[in-house]
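K.L.:
Here it is: the structure, laid out below.
The values are calculated or read from the model by the stated rules, or taken from the named source; none is laboratory data. Since the model is a prediction, treat every value here as computed from it, not as a measurement. Cβ sites come from the backbone with ideal geometry, for glycine too, and all protein chains shown count toward neighbours.
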Amino acid sequence: MNVSRPAVHPLEAPPLRDGAENAPRVRMKDLQGMPGTPGGLALRLCQFFFALISLCVMLSTSDFPTVTAFCYLVAALGLQSLWSFSLAAVDIYALLVRRHLRNPRVVSFFTIGDGITSTLTFAAACASAGITVLIGNDLDKCAVNHCARFESATAMAFICWFVASPSFLLNYWSLAVSANY
């Protein structure tokens, strides 16, 4: 039996082109504020401290559980402080071992977590600000309530959100850039 067998004929490699077409890919530089940088660690620590201050101020009042928005603020800031503290620990580890956090899965996890926690913090701060304005300006019951504490806890929650937003945006941008590599 005479069976024909396919022959393998290798192709020649295409000729190299000159100029910018064959230039090696350049990795992006770490911007301060991205995960694993000193700026990213500073953002995480600021998020943690502002969330913790707001949480402690709100918990120091005895009547915060009577208002749902204040309970929501406590829950959102508790989650924000845990998230920021855990990612600050990851940033410290990355800085100590001199590793870059550019893995797309890790960066997407950070991005999704930052997006969720910053949205929750912003919503809780807005709800608490609305209730604080209602109690202070509209009902004029600041003498009975802890208006100064509510206002300062709400202000710290907004500052926490202002610090969390750049962290989310830089993670999101880093995710888009790391997907190309």
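K.L.:
Listed residues A94, A76; which is over 20 Å from V177 (Cα atoms), modelled with pLDDT of 85 or more and assigned to a helix (DSSP H, G or I)?
P.N.:
A76
K.L.:
Next question, about the same structure. Inside the range 113-132, can you point out the residues that are more than 16 Å from T66 (Cβ to Cβ) and among the β-branched types (V, I, T)?
P.N.:
I116, T117, T119, T121
K.L.:
Take A148 and tell me if it is on the phi < 0 side of the Ramachandran plot and either of a type in the set (K, R) or surrounded by fewer than 16 Cβ atoms within 10 Å (Cβ to Cβ) (or both).
P.N.:
Considered against the rule, which asks whether it is on the phi < 0 side of the Ramachandran plot and either of a type in the set (K, R) or surrounded by fewer than 16 Cβ atoms within 10 Å (Cβ to Cβ) (or both), A148 comes out as yes.
K.L.:
Which count do you get for residues in the range 116-160 that are among the polar types (S, T, N, Q) and closer than 28 Å to N171 by Cα?
P.N.:
Taking the range 116-160 as the starting set, the residues that turn out to be among the polar types (S, T, N, Q) are 117-119, 121, 128, 132, 137, 145, 152, 154.
Within this subset, residues satisfying the condition of being closer than 28 Å to N171 by Cα are 117-119, 121, 128, 154.
Adding up the residues that qualify gives 6.
K.L.:
Then there's this: Go through the residues of the range 131-154 one by one and say whether even a single one is of a type in the set (A, V, I, L, M), closer than 23 Å to R44 by Cα and part of a helix (DSSP H, G or I).
P.N.:
Within the range 131-154, one or more residues are of a type in the set (A, V, I, L, M), closer than 23 Å to R44 by Cα and part of a helix (DSSP H, G or I).
K.L.:
Every residue in the range 97-115 that is over 14 Å from W173 (Cβ atoms), in a helix (DSSP H, G or I) and either of a type in the set (K, R) or touching a Phe, Trp or Tyr at 6+ places or on another chain (Cβ under 9 Å) (or both), please.
P.N.:
Residues of the range 97-115 over 14 Å from W173 (Cβ atoms): 97-100, 103, 105-106, 109, 112-113.
Now narrow it down to the ones that are in a helix (DSSP H, G or I): 105-106, 109, 112-113.
Within the range 97-115, R105, G113 qualify.
K.L.:
Please specify each residue of the range 134-181 satisfying the condition of being out of contact with any helix residue (DSSP H, G or I) (no Cβ under 7 Å at 6 or more places or on another chain) and over 17 Å from T61 (Cβ atoms). Lay out the reasoning, then the answer.
P.N.:
Within the range 134-181, the subset out of contact with any helix residue (DSSP H, G or I) (no Cβ under 7 Å at 6 or more places or on another chain) is 134, 137-140, 143-144, 146, 148, 155, 162, 169-170, 173, 176-177, 180-181.
Matches in the range 134-181: N137, D138, D140, F162, L169, L170, W173, A176, V177, N180, Y181.
K.L.:
Between residues in the range 108-137 that are under 21 Å from F50 (Cα atoms) and residues that are β-branched (V, I, T) and part of a helix (DSSP H, G or I), which pairs lie under 7 Å by C-beta distance while being six or more apart or on different chains?
P.N.:
Sorted first by the residue in the range 108-137, then by its partner, the pairs are A125/T154; S128/T154; A129/T154; T132/T154.
K.L.:
So which of L170, L101 ends up being buried (at least 17 other Cβ atoms within 10 Å of the Cβ) and in contact with a strand residue (DSSP E or B) (Cβ under 7 Å, 6 or more places away or on another chain)?
P.N.:
After ruling out the rest, the residue left standing is L170.
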